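The structure under discussion appears below in the form of structure tokens.
Nothing in this text is a laboratory measurement; each read-out follows from the coordinates by a stated rule. Here the structure is a predicted model, which is why all the values come from computation and not from measurement. Glycine also receives a Cβ, built like all others from the backbone with ideal geometry; neighbour counts cover every protein chain displayed.
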Amino acid sequence: MRLRNRTAIVTGAGQGFGLGIAETFIREGALVALLDINREAAEREAARLGPAAVAFGCDVSDGQEVDRASADAVAAFGHIDILVNNAGTTHRNRPMLEVEEEEFDRIFAVNVKSIYLFARSLVPHFRARGRGVILNIGSTAGIRPRPGLTWYNGSKAAAIMLSKSMAVELAPDRIRVNAIAPVAGETPLLATFMGEDTPEKRAAFTASVPWGRLSTPQDIANSALFLCSDEAEMVTGAVLTVDGGRCI
């Protein structure tokens with residue numbers, strides 16, 4: 001088991017990529033705290049995953065909730081080894097000036113500010129332990145943007161650059177920071193990315209991926225497992241595109 005005796009927090013773990021990561025980490029021996037703004041979803045999945053999982057409700061854009069959930073996870077497991085900042089949101093695919101200010105603020109609060117809030121909450125814990133791993137889930141949108149998703153694209157580009165900068169600053173503390181940039185996947189956000197969920201839209205999105213399909217939660221979980229394991233001990237500041245060639 002590649003994560004035996006490890007503990008992890010995974011945000012946005014009630015569904016999609018986050019749930020796939022949590023499931024895989026548990027299968028590989030980790031104890032995992034599933035955090036989600038939908039507490040009922042997190043609790044339902046944690047119950048299904050068994051005693052290696054605990055669940056906490058958390059709005060990752062709220063500093064008080066982040067601090068509380070982090071403290072609860074530390075109390076549950078004694079310490080935290082791995083933080084996966086997976087929770088994310090977007091605006092519906094449409095021209096950039098049609099996106100409301102409230103939507104814009106929410107996107108950057110969830111996709112970018114949350115990275116700051118969890119760093120503020122857990123980096124001191126990692127420093128005290130002399131080790132830690134942070135994995136930020138970005139997107140190919142932050143590398144090769146699609147039209148109609150401008151503000152989302154910008155938030156994911158920020159997440160990618162933050163990962164690199166954090167890696168440089170935290171390396172002396174033996175805290176590794178990496179990012180994954182998934183291509184559009186079979187998750188509840190897919191219809192929002194497309195603007196409307198039609199066979200034609202799905203075909204157009206799929207056609208943009210040389211490998212010929214969209215990503216799955218297991219694709220992202222497999223990459224997260226490597227980057228958060230000791231096998232990646234020399235890997236920090238990396239951005240792994242899990243995209244079937246989309247960004248080439």
Next on the checklist: Give me the three principal axis extents of region 62-116 from the C-alpha atoms, as integers in angstrom, largest value leading.
Outcome noted: 47, 19, 14
Item to check | Compactness relative to 2.2 N^0.38 Å, alpha carbon Rg of region 110-219 | outcome: 1.24
Checklist outcome for this item: Computed over the chain, the relative contact order (Cα-Cα under 8 Å, seq sep at least six) in percent reads 20 percent
Checklist entry - What residues qualify as long-range amide H neighbours of Ala55, i.e. H under 5 Å apart, gap of 5 or more or another chain, H built at 1.01 Å from N? => result Leu34
Checklist entry - Going by alpha carbons, how many degrees (0 to 90, nearest 10) lie between the helix axis of 16-27 and the longest principal axis of the chain? => result 30 degrees
Item to check | Helix 63-77 vs. the chain, principal-axis angle (Cα, 0 to 90°, nearest 10) | outcome: 50 degrees
Checklist entry - Going through region 199-248, which chymotrypsin sites (Phe, Trp or Tyr not before Pro) have at most 16 other Cβ atoms within 10 Å and a DSSP loop state? => result Trp211
Checklist entry - Where does the chain land at 222 nm, in deg cm²/dmol rounded to the nearest 500, when only DSSP H runs of n ≥ 4 count, each adding -39500 (n - 2.57), divided by all residues? => result -13500 deg cm²/dmol
Checklist entry - Rg and Dmax of the chain, Cα atoms, in Å? => result 17.0, 52
Item to check | In Hz, Karplus ³J(HN,Hα) per residue of region 49-59 (6.51, -1.76, 1.60; θ = phi - 60°; x = Gly, Pro) | outcome: 7, x, x, 7, 10, 10, 10, 9, x, 7, 8
Item to check | HN-Hα J in Hz across region 85-93 - Karplus 6.51, -1.76, 1.60, θ = phi - 60°, x for Gly and Pro | outcome: 8, 9, 3, x, 8, 8, 9, 4, 4
Checklist entry - P(r) tail for region 1-147, what percent of Cα pairs lie past 28 Å? => result 19 percent
Checklist entry - Over what distance in Å are the Cα centres of region 131-193 and region 97-122 separated? => result 13 Å
Next on the checklist: As a footprinting exposure proxy, order Val168, Val209, Val84 by other Cβ within 10 Å, with the fewest listed first.
Outcome noted: Val168, Val209, Val84
Next on the checklist: Placing unit charges on C-beta atoms (Lys and Arg positive, Asp and Glu negative, everything else neutral), compute the dipole magnitude of the chain about its Cα centre in debye, rounded to 20.
Outcome noted: 700 debye
Next on the checklist: Please compute the Kirkwood hydrodynamic radius of region 177-248 from all pairs of different C-alpha atoms, in Å with one decimal.
Outcome noted: 13.2 Å
